[in-house]
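Here's the structure, in structure tokens; my notes come after.
What follows is calculated from the coordinates using simple rules that are stated; it is not laboratory data. Note that the coordinates shown come from a computational prediction; the quantities given were computed from them, not determined experimentally. Don't worry about glycine lacking a Cβ; one is built from the backbone with ideal geometry, like all the others, and counts go over all protein chains shown.
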């Protein structure tokens with residue numbers, strides 16, 4: 001069996017960023033640029049005022065100086081007259097500076113005269129409060145490089161240079177499927193509450209997890225434990241960029257997913273991983289569509305999605321850094337484990353009182369069916385396979401589940 005890191009590398013070796021498409025700026029949030037963007041203009045496009053006040057020549061400014069006001073220029077207007085000796089232009093923030101001006105005296109340091117003159121009471125702004133043409137962006141300069149993730153600031157930069165439709169990697173359509181005769185959707189609520197059926201919590205987990213990772217979820221429903229039902233549901237995945245299944249990938253006589261996919265022509269690449277929770281994981285290619293088969297227990301589904309599926313989605317989106325990093329944490333309590341597998345334990349990581357070091361506490365019982373252990377967690381605590389027990393105070397690594405920092409290679 002492969003380690004989790006080996007499995008992640010093998011999966012990503014078969015994943016490529018999706019073909020790019022142009023999207024309107026308002027639809028490009030969190031997408032990844034597929035090309036460098038150069039500016040067609042200087043920004044600012046002209047010298048302009050950083051203050052409401054008076055545009056002047058620094059050489060004319062001193063304490064208690066009176067200047068002749070020759071015109072008023074608001075933002076959106078352009079000066080009509082160059083500035084000469086002893087003259088000032090009333091100006092507002094963002095308005096272009098008149099020719100000859102090199103300073104803006106803030107309004108608070110002036111006193112208006114008879115309407116045609118202004119008195120400067122403080123010369124501190126001589127040579128200041130001017131935004132120079134091109135001080136932010138020079139025409140022809142690359143403002144954003146390929147691979148940049150488009151957040152609010154990046155979208156603002158593109159808008160400022162009139163780049164209305166950036167070329168970004170397409171968001172993957174991720175088809176997902178649950179299976180099991182005992183699994184039903186919430187329209188059969190009475191059977192769920194009566195205990196005769198089990199709710200398809202994994203469908204809701206995957207729908208949310210795919211969206212949060214940046215993919216477009218395509219729900220295929222819940223297949224029965226028959227080859228006919230599985231074939232029918234797999235047929236609905238046509239056109240998807242990635243296929244994800246839960247359950248049916250173990251070794252029981254009703255675990256038919258692998259067999260049906262093989263029958264449909266899938267090429268199996270890996271099967272089972274040395275980890276807990278989540279050992280029964282499969283990966284293969286159904287034609288050109290990657291398939292990742294996750295275990296059916298909800299916690300196992302979530303852990304393997306975080307380690308294997310989320311990085312695949314990020315790679316399809318064009319991210320160069322698909323994996324969340326790990327951080328060192330101090331274990332707050334003794335832990336005893338079973339088989340020699342790499343364990344990913346659900347934990348709460350928080351700064352420790354006193355020294356601020358990150359400390360990890362388990363969320364409670366760690367069974368793979370205890371979904372509340374995941375709901376309470378903000379981290380996965382990693383215990384290496386050679387550690388049957390961990391004492392309080394030891395330092396291990398953890399994956400913070402909302403950490404925005406990512407790395408290129410699997411750190412687990």
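Scoring 116-127, 4-15 by mean Cβ neighbours within 10 Å over their residues and listing the highest first yields 4-15, 116-127. The mean sequence distance of close C-alpha pairs (under 8 Å, at least 6 residues apart), as a share of the length of the range 182-273, puts its relative contact order at 17 percent.
Maximal additional length on extending the residue 145-residue 29 stretch stands at 40.2 nm, based on 0.36 nm per residue less the C-alpha distance. The simple Förster model, with R0 at 25 Å and r as the Cβ-Cβ distance, assigns residue 267 and residue 9 a FRET efficiency of 0.90. Each peptide in 233-246, 63-76 was scored by the mean count of other Cβ atoms within 10 Å over its residues; highest first, the order is 233-246, 63-76. Rounded to the nearest 5, the antiparallel percentage of DSSP beta bridges internal to the chain is 70%. Over all distinct Cα pairs, what is the inverse of the mean 1/r for the range 256-412, reported as the Kirkwood hydrodynamic radius in Å? Mean inverse Cα-Cα distance, inverted, gives 16.7 Å. Would you work out if the chain is rounded, prolate or oblate? Take a ≥ b ≥ c from the square roots of the eigenvalues of the alpha-carbon gyration tensor; rounded if a/c is under 1.5, else prolate when a/b is larger than b/c, oblate otherwise. Prolate, because a/c is 1.5 or more and a/b exceeds b/c. Note on the range 48-131: antiparallel DSSP beta bridges, both residues inside, total approximately 75 percent of the bridges counted. Separation of the range 1-58 from the range 117-144 is 26 Å, based on Cα centroids.
Potential lengthening of the chain between residue 22 and residue 375 amounts to 123.4 nm, from the contour at 0.36 nm per residue minus the alpha-carbon distance.
Under Stokes-Einstein, with the Kirkwood radius over Cα pairs as Rh, the value for the range 48-131 at 25 °C and 0.890 mPa s is 206 µm²/s. Considering Cα pairs under 8 angstrom that are at least six residues apart, work out the relative contact order of the chain and quote it in whole percent. Across the chain, relative contact order equals 16 percent.
Counting beta carbons within 10 Å around each of 271, 46 and listing the fewest first gives the order 46, 271.
Counting DSSP beta bridges in the range 323-407, what percent are antiparallel, to the nearest 5?
If we restrict to bridges inside the range 323-407, about 90 percent are antiparallel.
Note on 406, 343: ascending count of other Cβ atoms within 10 Å places them as 406, 343, the fewest first. Measuring r between the beta carbons of residue 185 and residue 231 and using R0 = 22 Å, the FRET efficiency lands at 0.60. Classify the range 248-310 from the C-alpha gyration tensor, please: rounded if a/c falls under 1.5, else prolate or oblate depending on whether a/b exceeds b/c. Verdict is oblate for the range 248-310. For the chain, find the longest principal axis of its Cα atoms and tell me its angle to the long axis of helix 201-213, 0 to 90°, nearest 10. Around 30 degrees separate the two axes. Taking 387, 325, 57 as the candidate residues, the one with maximal mean-square fluctuation in a Gaussian network model of the chain, Cα springs under 10 Å, is 57.
With 0.36 nm allotted per residue and the present C-alpha distance subtracted, the residue 355-residue 107 stretch has 84.4 nm of extension available.
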